[in-house]
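The values are calculated or read from the model by the stated rules, or taken from the named source; none is laboratory data. Everything quoted here is computed from the prediction, not taken from an experiment. So basically every Cβ, Gly included, is an ideal-geometry build from the backbone, and we count neighbours across all protein chains shown.
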Amino acid sequence: MGFGGDLKYSHDALLKLQDWELRLLETVKKFMVMRVKSDKEYASTLQNLCNQVDKESACQLDYISNVSKSWLLVVQQTEQLSKIMKTHAEDLNSGPLHRLTMMIKDKQQVKKSFVGVHQQIEAEMYKVTKTELEKLKSSYRQLIKEVNSAKEKYKEAVAKGRETEKAKDRCEKATMKLHMLHNQYVLALKGAQLHQHQYYDTTLPLLLDSLQKMQEEMIKALKGILDEYSEITSLVTEEIVNVHKEIQTSVEQIDPNSEYNDFIDTHRSSEVVEQEIEFDTSLLEENENLQANEIMWNNLTAESLQVMLKTVIEELMQTQQTLLSKEELVLELEKKIEESSKTCEKKSDVVLLLSQKQALEELKQTVQQLRCSEAKFAAQKELLEQKVQENDGKEPPPVVNYEEDARSVTSMDKKDKVSRFDTIRHSIAGIIRSPKSMLGSSSFFDVISTTEKPLAEQDWYHGAIPRIEAQELLKQQGDFLVRESHGKPGEYVLSVFSDGQRRHFIIQYADNQYRFEGTGFPTIPQLIEHHYTTKQVITKKSGVVLLNPVVKDKKWVLNHEDVTLGELLGKGNFGEVYKGTLKDKTTVAVKTCKEDLPQELKIKFLSEARILKQYDHPNIVKLIGVCTQRQPIYIVMELVPGGDFLSFLRKKKDELKTKQLVKFSLDAASGMAYLESKNCIHSPLQEMSKSGAGL
């Protein structure tokens with residue numbers, strides 16, 4: 001009976017369990033604090049009584065009787081009792097109470113670590129088995145359409161007897177892209193299948209067993225603390241001895257090995273049939289040349305398969321090297337903990353080892369994740385090697401018999417050409433308005449970049465801006481900035497312009513240190529400051545040096561703390577729109593971007609802000625700022641109290657006078673003319689004018 005085998009689907013119950021235990025420990029701590037205070041006060045009261053008796057005795061006659069001698073012994077023993085009580089209170093404070101405080105912090109860290117690792121492996125599971133496969137399938141379907149279209153055009157060209165080579169080349173390129181993507185999909189599918197099995201069979205159970213192990217270790221430590229508490233507070237009187245016998249009995253009943261049996265029985269996970277990840281055969285409905293779960297080897301993919309195999313082998317070797325070093329660290333830490341355990345004099349001293357044991361469990365989680373990656377790369381390597389070895393020394397077969405296609409097309413009728421033109425236009429919803437709805441914009445203070453300030457306040461930190469926008473800001477040798485990764489939220493990326501290229505380096509975080517490949521630092525600002533001031537290369541292989549920090553445009557930068565969200569105004573294409581308030585009490589409209597949107601939609605969301613930065617006109621809603629320091633991203637705009645203009649006109653149509661309508665038309669036309677001068681097409685107004693719904 002254990003967490004890993006019985007609680008795979010009881011995550012919420014486990015979180016509640018940890019919260020309940022933390023509340024229990026806080027109650028125990030509060031009790032011990034009050035007990036220390038009570039014992040000290042009692043000892044002080046006894047000592048004051050003894051001191052008072054001594055003063056009164058000095059005023060009495062010199063006559064000494066047997067009663068007075070007995071009384072003197074009573075006072076002396078009472079004073080001794082005071083000293084004992086004081087000593088017990090100090091021992092209780094420095095012993096069990098101190099260790100209990102440490103244990104609460106360790107237990108909070110255990111919960112935080114468990115939640116973090118669980119979120120990480122859940123996110124990785126979803127990414128590998130859902131997001132990446134869906135993206136590949138979408139591209140797969142699109143490429144099949146392109147291949148079929150290219151074949152049709154080739155047949156038309158053959159029938160007309162002109163530009164056949166050009167059409168043939170396009171057809172071949174489209175087919176090559178499809179087959180290469182097919183191979184990528186097969187490999188990704190293989191990796192996802194293995195990742196899913198590893199997740200449910202090994203990764204998640206190991207995490208849960210690790211949590212149970214730490215929980216049981218803490219139960220063991222708590223038992224030691226309560227045992228020591230019992231020893232310190234135990235007195236020699238028969239009544240108190242009996243009370244503490246009951247306490248000792250209750251403490252002895254604590255058994256870490258059976259502590260969670262009832263909890264497991266109550267929240268035991270029901271059996272869920274895991275859905276196998278299979279090749280989506282619907283992808284092959286319009287193409288008979290591709291086979292499910294088969295690597296395609298032909299004249300279009302043979303070379304790319306060699307490159308794929310080399311890449312997978314390199315990744316496998318790197319993973320194996322990292323795994324070996326982590327396994328060595330596990331052995332070293334286990335040995336260190338074992339040696340430290342031998343030196344523990346008291347039962348409650350095991351609390352001192354909890355942080356090391358938690359570090360060991362986290363290291364074991366890392367090892368398991370590396371083993372999962374190793375197995376995935378090994379499986380992909382085997383798949384590729386098998387296909388390459390099967391065809392070693394053979395000439396890759398051609399994909400399409402163009403001569404046969406040309407003969408079959410002679411009997412077909414010629415088809416008319418169809419031209420398609422894509423219209424690209426900017427769409428900025430709701431930017432035309434009347435002058436009466438204008439509000440003022442906020443002003444912001446410049447921030448001086450120092451390593452003492454948090455990352456969000458650094459001039460060169462641009463928050464969650466898209467990769468493409470970051471690249472546009474890097475223009476000359478040594479330009480650099482730091483941003484949050486869109487593909488992996490929570491990770492940070494250094495973007496640098498070097499030798500005519502824009503390079504992107506993920507900032508590594510391990511053992512509470514940030515680094516690239518050299519010295520680690522406790523914060524990202526310290527890491528960047530080090531490379532910037534010393535001109536030390538980011539990596540030896542790249543040779544990149546930081547020369548010029550690219551400062552963010554403070555005119556438009558807002559922190560999330562500067563904006564207080566209010567009532568929900570509506571929902572847009574990218575997220576909700578709220579009424580908000582700035583620190584200076586200015587009322588604004590706040591557009592939010594959903595955190596789970598695909599990266600391309602997040603980029604499109606921020607493009608609206610980039611466009612609005614260019615506009616300044618009385619009849620255009622003003623951009624006040626953008627919050628990109630963390631997720632979710634906000635676009636803060638001037639609030640139009642009247643709301644949607646078209647809805648306003650429909651609602652007030654019976655109240656508005658001709659003069660007002662003419663003024664509204666003039667305002668809207670003025671805003672549209674301004675947009676026209678900026679080469680911007682406002683699509684909602686354009687559609688209204690087409691349908692006759694405009695002013």
Exercise. Does at least one position in region 159-173 carry a residue that is closer than 25 Å to Asn299 by Cβ and under 38 Å from the mean Cα position of the chain (by Cα)?
Worked result: no
For this session: Filter region 9-43 for residues that are farther than 26 Å from Ile104 by Cα and in contact with a helix residue (DSSP H, G or I) (Cβ under 8 Å, 6 or more places away or on another chain) and give the result.
Result: Tyr42, Ala43
Seminar exercise, completed: Only one of Ile635, Ile620, Ile603 is farther than 19 Å from Arg483 by Cβ and among the hydrophobic types (A, V, I, L, M, F, W, C), namely Ile620
Exercise. Out of curiosity, is Val551 part of a loop (DSSP other than H, G, I, E, B) and under 27 Å from the mean Cα position of the chain (by Cα)?
Worked result: yes
Problem set entry | Check on Gln471, of a type in the set (S, T, N, Q) and either crowded, with 20+ Cβ neighbours inside 10 Å or without any contact (Cβ under 8 Å) to a residue 12 or more places away in the chain (or both) | no
Exercise. Which one is farthest from Pro598 (Cα to Cα) among residues in region 559-585 that are among the hydroxyl-bearing types (Ser, Thr, Tyr) and surrounded by fewer than 18 Cβ atoms within 10 Å (Cβ to Cβ)?
Worked result: Thr581
Exercise. Yes or no: Thr519 surrounded by fewer than 17 Cβ atoms within 10 Å (Cβ to Cβ), assigned by TED's automatic domain parsing to the domain that holds Pro598 and either under 26 Å from the mean Cα position of the chain (by Cα) or part of a helix (DSSP H, G or I) (or both)?
Worked result: no
Exercise. Which of (1) without any contact (Cβ under 8 Å) to a residue 60 or more places away in the chain; (2) outside any loop (DSSP other than H, G, I, E, B); (3) within 30 Å of Lys663 (Cβ to Cβ) is the odd one out, the single condition Lys579 does not satisfy?
Worked result: (1)
For this session: Please work out which residue is surrounded by the fewest Cβ atoms within 10 Å (Cβ to Cβ), limiting yourself to region 588-608 and to residues that are out of contact with any Phe, Trp or Tyr (no Cβ under 7 Å at 6 or more places or on another chain) and assigned to a loop (DSSP other than H, G, I, E, B).
Result: Asp596
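Yes/no per residue for (1) of a type in the set (Lys, Arg); (2) closer than 30 Å to Lys346 by Cβ; (3) at pLDDT below 90:
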{"site": "Lys37", "(1), (2), (3)": "yes, yes, no"}
{"site": "Ala43", "(1), (2), (3)": "no, yes, yes"}
{"site": "Leu49", "(1), (2), (3)": "no, no, yes"}
{"site": "Ser65", "(1), (2), (3)": "no, no, yes"}
{"site": "Ser70", "(1), (2), (3)": "no, no, yes"}
{"site": "Glu90", "(1), (2), (3)": "no, yes, no"}
Exercise. Scanning for something farther than 30 Å from Lys583 by Cα and touching a Ser or Thr at 6+ places or on another chain (Cβ under 6 Å), does region 480-491 turn up at least one residue?
Worked result: no
Exercise. What are the residue pairs meeting all of these: first residue in region 297-325, first residue touching a residue at least 60 places away in the same chain (Cβ under 8 Å), second residue acidic (Asp, Glu) and surrounded by 15 or more Cβ atoms within 10 Å (Cβ to Cβ), Cβ atoms under 8 Å, and 6 or more apart or on different chains?
Worked result: Leu300/Glu172; Leu316/Glu374
Exercise. From the set of residues in region 458-478 that are over 25 Å from Glu600 (Cβ atoms) and touching a Pro at 6+ places or on another chain (Cβ under 9 Å), which is modelled with the highest pLDDT?
Worked result: Trp460
For this session: Test Ala123 against the stated conditions and say whether it is without any contact (Cβ under 8 Å) to a residue 40 or more places away in the chain, closer than 30 Å to Lys107 by Cβ, among the aliphatic types (A, V, I, L, M) and in a helix (DSSP H, G or I).
Result: yes
Exercise. Do we find that Pro641 is within 22 Å of Asp667 (Cβ to Cβ), modelled with pLDDT of 80 or more, outside the structural domain of Leu474 (by TED's automatic domain parsing) and not polar (S, T, N, Q) in this structure?
Worked result: yes
Exercise. Looking at this structure, is Leu92 assigned by TED's automatic domain parsing to the domain that holds Tyr9, touching a Phe, Trp or Tyr at 6+ places or on another chain (Cβ under 8 Å) and in a helix (DSSP H, G or I)?
Worked result: no
Seminar exercise, completed: From the option list Val537, Val482, Val496, single residue qualifying as at pLDDT 90 or above, surrounded by 15 or more Cβ atoms within 10 Å (Cβ to Cβ) and part of a loop (DSSP other than H, G, I, E, B) is Val537
For this session: Only residues that are surrounded by fewer than 15 Cβ atoms within 10 Å (Cβ to Cβ), within 25 Å of the chain's Cα centre (by Cα) and charged (D, E, K, R): list them for region 95-145, please.
Result: Lys105, Lys112, Glu122, Lys130, Glu134, Lys135
Exercise. So which residues in region 657-677 are among the acidic types (Asp, Glu) and touching a residue at least 24 places away in the same chain (Cβ under 8 Å)?
Worked result: Asp667
Exercise. Out of (1) at pLDDT 85 or above; (2) in contact with a Lys or Arg (Cβ under 9 Å, 6 or more places away or on another chain), the odd one out for Val350 is which?
Worked result: (1)
For this session: With respect to Ile295, determine if the residue is modelled with pLDDT of 85 or more, outside any helix (DSSP H, G or I) and closer than 30 Å to Leu178 by Cα.
Result: yes
